[in-house]
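Novice: The structure is given below, and queries will be raised subsequently.
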Amino acid sequence: NSATFVAYCFHSVDGYSKCGSYTGNGNADGTFVYTGFRVAWLLVKETTDAGESWYMFDNKRDTYNYASKRLMANSANPESSGSSQAIDLLSNGFKARASQDAFNTSGKNYIFISFAETPFKYSNAR
């Protein structure tokens, strides 16, 4: 085959980034995913079915929970928002707050990568 491929490979770094997968529960009280840090940026993709987008959330456009402003990494569409596709960015992980194909359908598998706002491992107490 003469096709060209590009691979972006990531791994988790304790207190800084977390890569992994989870299974959706199809409930508005969605699956909690532990990262070990306050999530500043999150990328989620459903892997069970073809055709779902890569959803990006961050704590700069949504400065409080829930985070509903999102970008789709594989689309030229502008930012979209709405409670039907909301995620809580928590102090130690994230949690889906909607029953939605994009990141919380019951029994479907999802992959994610997240980055910390201030890693617990290196943060200073006040």
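The values are calculated or read from the model by the stated rules, or taken from the named source; none is laboratory data. The structure displayed is predicted, hence computed values, not measured ones. Cβ coordinates were reconstructed from backbone atoms using ideal geometry, including for glycine residues, and neighbour counts include every protein chain displayed. Remember, those area values only see protein heavy atoms, side chains included, never the ligands or the DNA or RNA. Shrake-Rupley method; radii C 1.70, N 1.55, O 1.52, S 1.80 Å.
Novice: When residues of segment 46-63 are filtered for being open to solvent by 30 Å² or more (accessible area, probe 1.4 Å) and charged (D, E, K, R), how many remain?
Specialist: Summing the residues that are open to solvent by 30 Å² or more (accessible area, probe 1.4 Å) and charged (D, E, K, R) in segment 46-63 gives 4.
Novice: From the residues in segment 40-53 that are modelled with pLDDT of 90 or more and not acidic (Asp, Glu), which one is farthest from Lys95 (Cα to Cα)? Talk me through it step by step, then tell me what you get.
Specialist: Going through segment 40-53, the residues modelled with pLDDT of 90 or more turn out to be 40-47.
Okay, now just the ones that are also not acidic (Asp, Glu), so 40-45, 47.
Values: Ala40: 13, Trp41: 13, Leu42: 11, Leu43: 13, Val44: 12, Lys45: 14, Thr47: 18 Å.
Ranking the qualifying residues of segment 40-53, first place goes to Thr47.
Novice: Quick one: Arg38 ticks every box in (1) basic (Lys, Arg); (2) open to solvent by less than 70 Å² (accessible area, probe 1.4 Å); (3) farther than 20 Å from Asn109 by Cβ bar one, so which box is it?
Specialist: (2)
Novice: Can you name the residue in segment 1-35 that is over 17 Å from Ser106 (Cα atoms) and aromatic (Phe, Trp, Tyr) and, of all such residues, is surrounded by the most Cβ atoms within 10 Å (Cβ to Cβ)?
Specialist: Narrowing segment 1-35 to residues over 17 Å from Ser106 (Cα atoms): 1-20, 34-35.
Narrowing the set further to residues that are aromatic (Phe, Trp, Tyr) leaves 5, 8, 10, 16, 34.
Numbers: Phe5: 5, Tyr8: 5, Phe10: 10, Tyr16: 16, Tyr34: 13.
Ranking the qualifying residues of segment 1-35, first place goes to Tyr16.
This table checks each residue for (1) in contact with a His (Cβ under 6 Å, 6 or more places away or on another chain); (2) over 24 Å from Thr118 (Cβ atoms); (3) of a type outside the set (A, V, I, L, M, F, W, C); (4) at pLDDT 85 or above.
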{"position": "Arg38", "(1), (2), (3), (4)": "no, no, yes, yes"}
{"position": "Met56", "(1), (2), (3), (4)": "no, no, no, yes"}
{"position": "Asp62", "(1), (2), (3), (4)": "no, no, yes, no"}
{"position": "Glu79", "(1), (2), (3), (4)": "no, yes, yes, no"}
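Novice: So the check is Cβ under 9 Å with 6+ separation or different chains; which pairs have a first residue in segment 3-29 that's more than 20 Å from Ala40 (Cβ to Cβ) and a second one that's assigned to a loop (DSSP other than H, G, I, E, B) and among the charged types (D, E, K, R)?
Specialist: Within 9 Å, the pairs are Thr23/Lys108; Gly24/Asp101; Gly24/Lys108; Gly26/Lys108; Ala28/Arg97; Asp29/Arg97.
Novice: Taking segment 64-97 as the search range and keeping residues that are among the hydrophobic types (A, V, I, L, M, F, W, C) and crowded, with 20+ Cβ neighbours inside 10 Å, which one is nearest to Gly30 (Cα to Cα)?
Specialist: Let us first name the residues in segment 64-97 that are among the hydrophobic types (A, V, I, L, M, F, W, C), namely 67, 71-73, 76, 86-87, 89-90, 94, 96.
Next, from what is left, pick out any that are crowded, with 20+ Cβ neighbours inside 10 Å: 67, 86-87, 89, 94, 96.
Details: Ala67: 14, Ala86: 10, Ile87: 9, Leu89: 12, Phe94: 9, Ala96: 5 Å.
So the residue we want is Ala96.
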